[in-house]
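Read the figures in this text as sums done on the coordinates, not as results from a lab. Keep in mind that what you see is a predicted model, and the values were worked out from it rather than measured. Ideal geometry is used to build each Cβ from the backbone, glycine not excepted, and the neighbour counts take in all protein chains shown.
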Ligand code: ADP
């Protein structure tokens with residue numbers, strides 16, 4: 001296609017599970033850099049790569065927000081590969097910063113800034129009827145000016161038709177909410193909010209909070225680290241297709257438990273975290289209400305983006 005001619009493909013920047021990413025230059029203005037993400041469509045078809053996904057990706061071009069990666073254009077190459085031309089984000093991702101405990105030092109003000117950017121991104125997706133469905137530190141890329149951008153919309157879809165059943169095999173296991181682990185087919189924006197909560201917990205602990213090795217273990221960890229889903233705290237949960245819990249029931253953990261682990265973010269911070277990790281998706285806080293939470297205005301104030309820690 002003609003779109004393809006607009007860019008000069010450069011060196012390979014990285015390789016993901018189902019994509020190679022290359023540096024690109026705009027032919028008319030080579031100082032302008034882009035990332036060209038070439039999806040390996042020949043590999044096993046997953047929902048994220050089905051032709052249907054092409055349309056989904058197309059409408060992401062219209063999601064224009066400072067905390068969402070800009071998709072400049074999409075073109076297919078002769079080998080039928082799908083090429084996404086994306087904003088170039090050179091400073092790695094939040095996972096790199098979280099893991100590098102030896103070199104990267106950050107505090108509550110930085111966590112608040114990053115969480116603010118993530119929450120605004122998710123709010124904007126949801127306002128536009130888009131579910132991201134794969135929020136995790138590795139998908140939060142960092143721009144040259146420190147802005148965090150939600151990326152990797154490969155699994156995103158519109159929820160404008162809430163009655164169309166959806167697959168529950170989405171979201172990387174550690175960030176997957178209980179309704180998906182129990183096989184719910186009619187889920188909502190609340191799935192993303194759960195993932196946001198786990199990113200919050202991980203930013204504070206500098207390790208994943210619920211890192212299950214299997215789906216069954218993931219459910220077990222949720223039961224122990226949040227509470228066991230039951231008809232009492234989540235009416236209807238026992239009717240979900242894959243509802244399974246061990247006979248050891250843990251009551252929903254209270255403020256003391258969270259204070260002991262996440263107390264550094266203060267009372268309001270812990271309150272916000274707890275509201276993102278409510279088991280019943282209908283009771284879980286929304287991204288919109290997260291933005292209205294008092295935590296953002298408490299001290300310390302969020303760090304200005306240009307002063308945020310960077311990878312070394
Ligand atoms: P994964 O999510 O498995 O890391 P991706 O296919 O999203 O895989 O990306 C592979 C690598 O390419 C990333 O780890 C990163 O180094 C690089 N990359 C991806 N997107 C961009 C981008 N927009 N700007 C700069 N580098 C990118």
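Binning the C-alpha pair distances of the range 118-242 at 5 Å intervals from 0 yields a P(r) profile of 2, 10, 20, 23, 20, 15, 7, 2, 1, 0 %, listed from the shortest bin outward. Using the Kirkwood radius over Cα pairs, work out the Stokes-Einstein diffusion coefficient for the range 110-152 at 4 °C and 1.567 mPa s, in µm²/s as a whole number. The estimated diffusion coefficient comes to 121 µm²/s. For the chain, the longest principal axis of the Cα atoms and the long axis of helix 51-60 meet at an angle of about 90 degrees.
Hey, what number do you get for the chain at 222 nm if only DSSP H runs of n ≥ 4 count, each worth -39500 (n - 2.57), divided across all residues, to the nearest 500? Could the numbers behind the result be given before it?
On the way: 10 runs with 95 residues, N = 312.
Roughly -9000 deg cm²/dmol at 222 nm, from the helical runs in the chain.
In the chain, the longest principal axis of the Cα atoms and the axis of helix 266-276 are about 80 degrees apart.
Quick check on the chain: of the DSSP beta bridges with both residues there, what percent are antiparallel, nearest 5%?
Numbers: 31 of 32 bridges.
Once the DSSP bridges in the chain are tallied, antiparallel ones form about 95 percent.
Hey, in the GNM for the chain with a 10 angstrom Cα cutoff, which one of 229, 300, 137 fluctuates hardest? Maximum fluctuation in the GNM of the chain, among the listed residues, is at 300. Put in order of Cβ neighbour count within 10 Å, fewest first, the listed residues 304, 288 become 304, 288.
Over all directions, the projected convex hull of the C-alpha atoms in the chain averages 16.6 nm² in area.
Once a ≥ b ≥ c are taken as the square roots of the eigenvalues of the Cα gyration tensor of the range 172-222, is the result rounded (a/c under 1.5), prolate (a/b larger than b/c) or oblate (a/b not larger than b/c)? Since a/c reaches 1.5 but b/c is at least a/b, the shape of the range 172-222 is classed as oblate.
Mind sorting 12, 292, 298 by how few other Cβ atoms lie within 10 Å of their own Cβ, fewest first? Please list the in-between numbers first.
Values: 12 12, 292 9, 298 15.
Listing 12, 292, 298 from fewest to most nearby Cβ atoms yields 292, 12, 298.
If R0 is taken as 45 Å, the Cβ-Cβ distance between residue 280 and residue 12 corresponds to a FRET efficiency of 0.50.
In this calculation the C-beta distance from residue 87 to residue 211 is compared with R0 = 25 Å, giving a FRET efficiency of 0.25. In the chain, the longest principal axis of the Cα atoms and the axis of helix 215-225 are about 50 degrees apart. Solvent-free Debye calculation, one equal scatterer per alpha-carbon of the range 251-309: log10 I(q)/I(0) at 0.13, 0.18, 0.21 Å⁻¹ equals -0.40, -0.72, -0.90. Sorting 138-151, 113-126, 17-30 by their mean Cβ neighbour count within 10 Å, with the most densely packed peptide first, gives 113-126, 138-151, 17-30. Taken over the range 96-176, the alpha-carbon convex hull comes to 109 cubic angstrom per residue.
Is the range 55-139 best put as rounded, prolate or oblate by its Cα gyration tensor, with a ≥ b ≥ c the root eigenvalues, rounded for a/c under 1.5, and otherwise prolate when a/b is larger than b/c, oblate when not? Note, shape of the range 55-139 comes out oblate.
Rg ratio for the range 173-312: its Cα radius of gyration over 2.2 N^0.38 Å, N being its residue count, equals 1.09.
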